[in-house]
Amino acid sequence: LAMRLVYVFQLRQSPWFAQYEMDSLYNHQWAAALAKGETFVQGPYFRPPFYPLFLGVIYRLFGTGPWAPRIIQAALGSLNCGLLFVVGRKAFNRTVGIIAGFAGAFSWCFAYFDAELLSPVLIVFFTLLLVVGLLHARSHRGAIVWLINGVILGLSAVTRPDILIFAPAIAAWIAVLYRPMWRRAAMYALVLFVGCMVPILPVTI
């Protein structure tokens with residue numbers, strides 16, 4: 001978090017700190033409209049709506065200045081490093097988790113995108129949270145686990161839809177965990193699908 005905040009304070013010297021371009025500008029304008037309760041997109045969404053909605057909530061609470069989203073995203077990016085630790089620990093061991101967490105903490109690529117008005121900070125968050133949930137399912141089995149994993153997958157999809165290409169791998173993971181109980185596996189796959197649709201259906205409608 002300290003490294004990310006130092007980067008944000010250094011970034012304020014850039015002429016693009018408060019002057020957005022291209023994707024950042026589009027997200028800023030969409031979020032500002034949402035914060036005012038105005039319609040920005042007529043018809044189908046040109047881009048996934050969750051990041052502008054996330055940014056719009058920040059604008060609603062703290063105004064449309066350049067500081068609040070970057071500081072909040074710095075905190076979220078720091079949390080992502082903690083999730084990297086959890087994934088490494090659950091998949092391998094504590095040492096791997098610590099290495100992964102520190103690698104994420106000092107990755108210039110993560111630090112850069114955590115300070116941009118772009119969706120990668122949320123994409124990384126939801127993806128890591130989903131992997132944690134899938135690893136958690138090895139020892140905590142039941143429909144509620146797969147419902148939560150489905151909701152996380154759906155939130156990730158309305159942030160970056162191509163995460164759905166990962167869905168067949170999740171179905172295969174369910175089959176591995178519950179072999180040879182194919183009926184239970186099919187039921188949990190259905191629960192996962194229902195959870196995934198919870199965030200997606202309002203966007204579709």
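Numbers at a glance
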| read-out | value |
| --- | --- |
| Under 13 Å, Cβ to Cβ, from Gly77 - net charge with Lys/Arg +1 and Asp/Glu -1 | 0 |
| Options Ala171, Leu128, Tyr26, ranked by Cα towards positive dipole end of the chain, top entry (Cβ charges) | Ala171 |
| Candidates Ser78, Ser156, Ser24: whichever shows maximal mean-square fluctuation once the chain is modelled as a Gaussian network with Cα springs under 10 Å | Ser24 |
| Listed residues Thr39, Thr64, Thr95, most fluctuating in the chain (Gaussian network, C-alpha, under 10 Å) | Thr39 |
| Separation in nanometres of the label points that stand 7 Å from Cα toward Cβ, at Arg184 and Leu201 | 2.7 nm |
| Net charge dipole size for the chain [Lys, Arg +1 and Asp, Glu -1 on Cβ; Debye, nearest 20] | 820 debye |
| Cα centroid separation, segment 39-98 to segment 126-205 (Å) | 20 Å |
| Coil-residue chymotrypsin sites (Phe, Trp or Tyr not before Pro) of segment 56-119, DSSP, other Cβ within 10 Å capped at 15 | Phe92, Phe106 |
| Top positive-direction residue, dipole computed over segment 86-205 with Cβ charges, set Thr159, Cys109, Val198 | Val198 |
| Candidates Gly43, Gly150, Gly101, ranked by Gaussian network fluctuation over the chain, Cα under 10 Å, top entry | Gly43 |
| At least 24 Å along the helix axis (C-alpha) and Kyte average at least -1.0, DSSP helices within the chain | 67-91, 182-204 |
| Against the rule of thumb 2.2 N^0.38 Å, how large the Cα Rg of segment 8-96 comes out | 1.37 |
| Estimated [θ] at 222 nm from DSSP helical runs (n ≥ 4, -39500 (n - 2.57)) normalised by residues in the chain, nearest 500 | -23500 deg cm²/dmol |
| Accessible area expressed per residue, segment 85-186, with surrounding protein chains retained (probe 1.4 Å, Å²) | 53 Å² |
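The values are calculated or read from the model by the stated rules, or taken from the named source; none is laboratory data. Keep in mind that this is a model prediction, so the values were computed, not measured. Cβ sites come from the backbone with ideal geometry, for glycine too, and all protein chains shown count toward neighbours. Remember, those area values only see protein heavy atoms, side chains included, never the ligands or the DNA or RNA. Shrake-Rupley method; radii C 1.70, N 1.55, O 1.52, S 1.80 Å.
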